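The values are calculated or read from the model by the stated rules, or taken from the named source; none is laboratory data. Quick caveat: nothing in here was measured; it's all calculated off a predicted structure. Neighbour counts run over all protein chains shown; Cβ positions are idealised from the backbone, glycine included. Surface areas here come from the heavy atoms of the whole protein model, side chains and all, with no ligands, DNA or RNA. Shrake-Rupley method; radii C 1.70, N 1.55, O 1.52, S 1.80 Å.
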Amino acid sequence: KKLYVAGFVWRLIEDIIGQHLCRGVTMARCVVCCALCMMGMVGVECLVFGPPRVRVGVKNVKSLAKTRSRMWMSAPVEDLSLAPGIEAINSLNGELDGLLNGLREQDFFRLYSCDMLASCEYMPQELFECYTESCEIYPVDDEEIPEAIKAVDYDEHDFQIDGWARWDMPTDDYYDLKQFPEEFTGYDGAEVWTFIHERICFCSDQTDAKHDKDYYDADSWKADFNRAVSGLHAMISAQIVRGIEDKLSNGEPLQEGTPWTDPRHEFHRRLSPAGETPRAMENLYFGYMLVLTAVSKARDRLLQDCNSGNIDPPAANALRPVLSYPLLDDPSIAVASKKLLDHANREDGKSCLWEARMRTRELMRIMNCVQCNKCRLHGKISVLGLSTALQVLLGRSGEGADFTRVHRVELAALMTTLSKFSTAVTYCQKMTNS
């Protein structure tokens, strides 16, 4: 707590110094005055703002952090430990988003063999085949798939009865994410998401997850898992809203009968604190922090694959700047994963992590209930990326992954999912600030 308070105080001082310097006030005076005042030791008089109206001590840091968080998210941050990480992301994410978009141009990170014909095993469904151009996808021609990728995927695929994910068996059908990028298709996945939050996530009241007070806030790894899944949902919601805006901006017609025609209204409904999921934006950052830390921990394995040729040279050249980007090493980003690890390494957590692994496998399988093929493809890759992040961070017993057992398709999905989170945060920042 002391370290967090000190870090928060310093960041606040930096903000105040920036405001004061432009008015000719010396940095030294500001540092001393603000530090003493923030720690509650004295009630000093500021050269610019005059005497303090209140004495601000450590006990008031929580309310101050919530006030500052409005500048970042237009809403208080419930989990104050995330506030410095949110600020770091908002400061550094823009350039990283560009690097990741370039990375996704490479075959290694855009080609996936995926089963698009599997049936839904979780709920009865009326047959709804999406034949519109916006949601249909087709495999790439066989000659366009690098033989090295096909060979690695075939050789690496194995069966783990208790693994974090169970990816589709590789076939000759590969799909290109560049050819079929994320966009608004008009598909309504509410039934699938309701099932995920109420039946796959951890919930003491399986009938109403939204009113379970411990759903996100319980001091356990189960609440952390729920937050990660909520972050994934928020990331996909941001993609949908951005897709609506893109179609309207390009003068393209929306699907006939779709109720979602106003991107700002949809952003408010899906992602704002006053919307259907008040913690959606905060959980988006939580999930992004987990994936960022997982990439940081997988860096040596990724660089080893770059140097050995397992990742082809063009992809390796695009990957190295991402892996050296400062945001990956910012200590404030690791707060989310530390929270998860601390919870998981308790005695009750170590013996029960199999429950999380089972749920990530179920997350993958329920994507077969998505009846829009483009949505199913991107949903599967996003779930695999999140599952890989949890695998890297936790391993089987809370001690981290054995990187010799992390496969190409998992590493590719991890980086693709990182890019998806980064783009979602960029868009949410734009919508919040506009």
Looking only at residues that are among the hydroxyl-bearing types (Ser, Thr, Tyr) and in a loop (DSSP other than H, G, I, E, B) in segment 212-259, which one is farthest from the chain's Cα centre (by Cα)? Thr258
For segment 88-110, indicate whether the set of residues that are at pLDDT 90 or above, open to solvent by less than 50 Å² (accessible area, probe 1.4 Å), within 29 Å of Leu292 (Cα to Cα) and in contact with a strand residue (DSSP E or B) (Cβ under 8 Å, 6 or more places away or on another chain) is non-empty. yes
Count of segment 371-389 residues which are touching a helix residue (DSSP H, G or I) at 6+ places or on another chain (Cβ under 7 Å) and either open to solvent by less than 10 Å² (accessible area, probe 1.4 Å) or at positive phi (or both): 11
Hey, Asp205 part of a loop (DSSP other than H, G, I, E, B), at pLDDT below 90, charged (D, E, K, R) and closer than 29 Å to Ala280 by Cβ or not: yes
Candidate set from segment 286-304 (those that are closer than 11 Å to Ile333 by Cα and not hydrophobic (A, V, I, L, M, F, W, C)); member that is farthest from the chain's Cα centre (by Cα): Ser296
Against the condition surrounded by 20 or more Cβ atoms within 10 Å (Cβ to Cβ), modelled with pLDDT under 95, part of a helix (DSSP H, G or I) and of a type outside the set (S, T, N, Q), how does Leu418 come out, does it pass? no
Please find, among Arg396, Arg359, the residue that is open to solvent by 10 Å² or more (accessible area, probe 1.4 Å), in a helix (DSSP H, G or I) and charged (D, E, K, R). Arg359
Among the residues of segment 275-290, is there at least one that is surrounded by fewer than 21 Cβ atoms within 10 Å (Cβ to Cβ), part of a helix (DSSP H, G or I) and among the aromatic types (Phe, Trp, Tyr)? no
Hey, can you tell me all the residues within segment 118-142 that are surrounded by 10 or more Cβ atoms within 10 Å (Cβ to Cβ) and either of a type in the set (Val, Ile, Thr) or at pLDDT 85 or above (or both)? Ala118, Cys120, Glu121, Tyr122, Met123, Thr132, Glu136, Ile137, Tyr138, Pro139, Val140, Asp142
(1) open to solvent by less than 70 Å² (accessible area, probe 1.4 Å); (2) out of contact with any Leu (no Cβ under 9 Å at 6 or more places or on another chain); (3) within 23 Å of Met358 (Cα to Cα) all hold for Pro181 apart from (3)
